[in-house]
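Accompanying notes for the structure given below.
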Amino acid sequence: MSKRIIIAGSGFAGLWAALAAQRAIHLASQEQNIEVVMVSPSPNVGIRPRLYEAVLENMNPDISELLGVVGIKYLAGWVNQIDVDQQTIEFSTIDGNKQTLSYDRFILATGSTTFMPPIPGLTEYGFSVSTLEDAEKLDQHLKNLANKPANAARNTVVVAGGGLTGLETVTEMPERLRSILGETDVRVVLVDSSTEIGAAMGDQAAAVIREALSELGVEGKAGLRVTALDASGVTLSNGEKVETETVIWTAGMRANSLTSQIAGEKDNLGRLIGDAYLHAPEAKNVFVTGDTVKVPTDEFGNFNVMSCQHAMSLGRVAGYNAAAELVDLPLHAYSQPKYVTCVDLGPWGALYSEGWDRQVQFVREEAKKIKQEINTVWIYPPAADREAVFAIANPDFVIVP
């Protein structure tokens, strides 16, 4: 192989970057001259958008066969260092060895992690649904509550953070807790720093969200923050103490720390500001995609958010462009003007909206059907069929309703 594209990460953006790169190489009949290499801890795609759910089956699908069918090389390990000047990466293999690998194009697709601020007790007593391991730890904790004596702390769950993940997590909790404890005397609390619960979704959507929370029996505490956790509960910014053994932290994300090794302007989430083709503008031959990049989605001042909706399209564009530069194909500018939001609201149903102003289109069961289709079909890796994969790995492909 005379040239190499390295992709760090096997999530939504990393997978589709690899597939799109390999497709472009195939179009140029350059498979013998360029190799695509993916580096990640395991050949799996974590289905993070579903980790709030009670049943955690098939949340980490294996993509080994898929990668093999299309001709992508997989290396199990963690990228530690990116040397932009030398165009090399250093990575640690799963058995602890360190290796250096050169690249002609590098794509950073390592995603994001839950932001854990230095709040006293958060690391010791807080739970999250950021990774499958986190979700499994929370699930086991909840199930273990049934073995403890009934009291207010055992029967109370506090979710800190009123964004999409917080809303989807908290609306699952009343029914989930009752099914575990075998009783109806439960308390579920949502703490949101916004002045009103759901305010970030806009007035129309927020009204629907508050209706759902009310019907589900979720207690909203708006305009407040968590300031401390301990074994007996959580303290809020107004001094109130809520007795609980379960605090789930969903208050924000940050780009993977590898972005700090790449020169260039970054936003408050640690994402690199990319150009229209998803280059890291100050790092030659480096592309940034998924949750590691901030870039306009349209001509009206809107930018991508940390979501699989954007990550899959960003991945396709970055992968295609990285390969296109090596095989002399025209570059493709990223554009994703259609934006939808589909929020699962537990047994109440769901909320589906369109546009950045989040105009509500469907609610309750109608929206729930769309959410279930998104969660169980659209965001999952495709079958290991080379022709079928290449048919949908083009940078123009859109997978929203």
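For this structure, a couple of remarks:
- Solvent-accessible surface of region 183-324, taken per residue with a 1.4 Å probe and all protein chains present: 39 Å².
- Counting DSSP beta bridges with both ends in the chain, the antiparallel % (nearest 5): 50
- Angle in degrees between helix 308-327 and the longest Cα principal axis of the chain, rounded to the nearest 10: 10
- Computed FRET value (nearest 0.05) for K137 with E219, which takes r as the C-beta separation and R₀ as 41 Å: 0.95
- Neighbours of N80, meaning other residues whose beta-carbon lies under 13 angstrom from its beta-carbon, give a summed charge of -1 when Lys and Arg score +1 and Asp and Glu score -1.
- Kirkwood-type hydrodynamic radius, region 325-401: 14.8 Å, calculated from all non-identical alpha-carbon pairs.
- Calculated on the alpha-carbon coordinates, the convex hull of region 166-279 measures out at 168 cubic angstrom per residue.
- Considering only region 1-104, percent of DSSP beta bridges that pair antiparallel, nearest 5: 55
- Taking the chain and dividing mean pair separation by its residue count, relative contact order in percent (alpha carbons under 8 Å, at least six apart): 20
- Helix 12-27 vs. the chain, principal-axis angle (Cα, 0 to 90°, nearest 10): 20
- Helical content alone sets the calculated 222 nm signal of the chain at -8500 deg cm²/dmol, taking -39,500 (n - 2.57) per DSSP H segment of four or more residues and averaging over every residue.
- Cleavage-rule hits, GluC sites (Glu not before Pro), region 48-148, DSSP coil, Cβ neighbours within 10 Å at most 15: E57
- Taking the C-alpha atoms only, the angle from helix 364-373 to the longest principal axis of the chain is near 30 degrees.
- Expressed as a whole percent, the accessible surface of the chain that belongs to carbon and sulfur atoms is 48, based on a 1.4 Å probe.
- R0 of 30 Å, Cβ-Cβ distance E366-S237: FRET efficiency to nearest 0.05: 0.20
- Where N is the number of residues in region 252-371, Cα Rg divided by 2.2 N^0.38 Å: 1.22
- Cα-projected label distance for D357 with Y380, points at 7 Å along beta-carbon direction, nm: 3.7
- Solvent-free Debye scattering, log10 I(q)/I(0), computed from the Cα coordinates of region 46-101 at q = 0.19, 0.29 Å⁻¹: -0.88, -1.02
- With a Förster radius of 25 Å applied to the beta-carbon distance between K284 and K3, the computed FRET efficiency rounds to 0.95.
- For region 304-346: span of alpha carbons on each principal axis (Å, largest first): 48, 17, 11
- Convex hull volume per residue for region 1-139, taking Cα atoms only, in Å³: 135
- Each part gets one Cα centre, and for region 45-60 versus region 326-401 those centres are 17 Å apart.
- When the alpha carbon gyration tensor of region 132-222 is reduced to an equivalent ellipsoid, its three semi-axes come out at 25, 14, 10 angstrom, largest first.
- Overall, the chain carries a charge dipole of about 240 debye about its Cα centre when +1 sits on the Cβ of Lys and Arg and -1 on the Cβ of Asp and Glu, all other atoms neutral.
- Taking all protein chains together and a 1.4 Å probe, the residues D385, D203 rank D203, D385 from largest to smallest accessible area.
- Charge dipole of region 257-401 (Cα centre as origin; +1 on each Lys and Arg Cβ, -1 on each Asp and Glu Cβ, all else neutral): 360 debye, rounded to the nearest 20.
The values are calculated or read from the model by the stated rules, or taken from the named source; none is laboratory data. Quick caveat, the model's predicted, so the values are computed rather than measured. Virtual Cβ from ideal backbone geometry, glycine too; neighbours counted across all protein chains shown. When the accessible area is computed, the model is the full protein with side chains, heavy atoms only, and any ligands, DNA or RNA have been set aside. Shrake-Rupley method; radii C 1.70, N 1.55, O 1.52, S 1.80 Å.
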